[in-house]
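Student: Sharing a structure with you now.
Laboratory data are not the source of any read-out in this text; all were calculated from the coordinates shown. Everything quoted here is computed from the prediction, not taken from an experiment. Positions of Cβ are generated from backbone atoms using ideal geometry, with glycine treated the same way; all protein chains shown enter the neighbour counts.
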Amino acid sequence: MLLTRADLELVAQKNVDAYQRHDIAALIAFHAPDAIVESPMYGTRRGRAELEESYRAFFKSFPDVTFSTEAILIDPPQITIFTKFGGTHMDDFFGLPGTHKHFEMRAVFWVKVDDHGLITHERRIYDFTGLLLQVGVLRAKPAKP
């Protein structure tokens, strides 16, 4: 069954709601068992087990992370979600203990959905280097005048 624009909008909204609640089980359930997710932060993940590992690590590192949706674009069977998110680095993140530094950034999540409403492919686009600078993993030198 081909999903309608309204069906895809509901999939997108439920996915965003699960992010806002930090509901890992719901986030995993939105993905097909063999889904592929490409992320600057966690590389390419395949399958629900690898996705669950990345969600757990992310929410552990940033337990207060919040998400807000800026726009949702639908082009069946694809959804593009523009979001803003931010949180505080509280636990290990790429070997760096919690710095208690806050970050904010914008991201784009492009997802392809199958006929059952499950995400088969997801690509996340955001400024990972900017995040690393904000939480103190990287240091930047000021530009010379």
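Student: Report relative contact order for the chain in percent, whole number only (criteria: Cα-Cα under 8 Å, sequence separation at least 6).
Tutor: Rounded, it is 24 percent for the chain.
Student: Let me check I've understood the local charge: for LEU27, count other residues with C-beta under 15 angstrom from its C-beta, Lys and Arg +1, Asp and Glu -1. What total comes out?
Tutor: +1
Student: Now for a separate question. If one takes the longest principal axis of the Cα atoms in the chain, at what angle in degrees, from 0 to 90 and to the nearest 10, does the Cα axis of helix 47-61 lie?
Tutor: 40
Student: Also: Apply the Karplus parameterisation 6.51 cos²θ - 1.76 cosθ + 1.60, with θ equal to phi minus 60°, to every residue of the range 91-99 and state each ³J(HN,Hα) to the nearest whole Hz, in sequence, with x for glycine and proline.
Tutor: 9, 2, 9, 6, x, 9, x, x, 9
Student: Sticking with this structure for a sec: Which one of LEU51, LEU96, LEU118 has the biggest mean-square fluctuation once the chain is modelled by GNM with Cα springs under 10 Å?
Tutor: LEU96
Student: By the gyration tensor of its Cα atoms, with a ≥ b ≥ c the square roots of the eigenvalues, what is the shape of the range 28-100: rounded for a/c under 1.5, prolate for a/b over b/c, or oblate?
Tutor: Oblate.
Student: Show me, bin by bin at 10 Å from 0, the whole-percent P(r) of the chain based on Cα pairs.
Tutor: Per 10 Å bin, starting at zero, the Cα-Cα P(r) for the chain comes out as 11, 41, 33, 11, 3, 0 percent.
Student: If you take every residue apart from LEU138 with its C-beta less than 15 Å away from the C-beta of LEU138, what net charge results, scoring Lys and Arg +1 and Asp and Glu -1? If you can, show how the numbers build up before the last one.
Tutor: Details: positive: LYS101, ARG139, LYS141; negative: ASP127.
Net local charge, LEU138 excluded: +2.
Student: Out of all DSSP beta bridges in the chain, what portion is antiparallel? Express it as a percent rounded to 5.
Tutor: 90
Student: Can you tally the net charge around TRP110? Count Lys and Arg as +1, Asp and Glu as -1, for every other residue whose Cβ sits under 12 Å from the Cβ of TRP110.
Tutor: Result for the neighbourhood of TRP110: 0.
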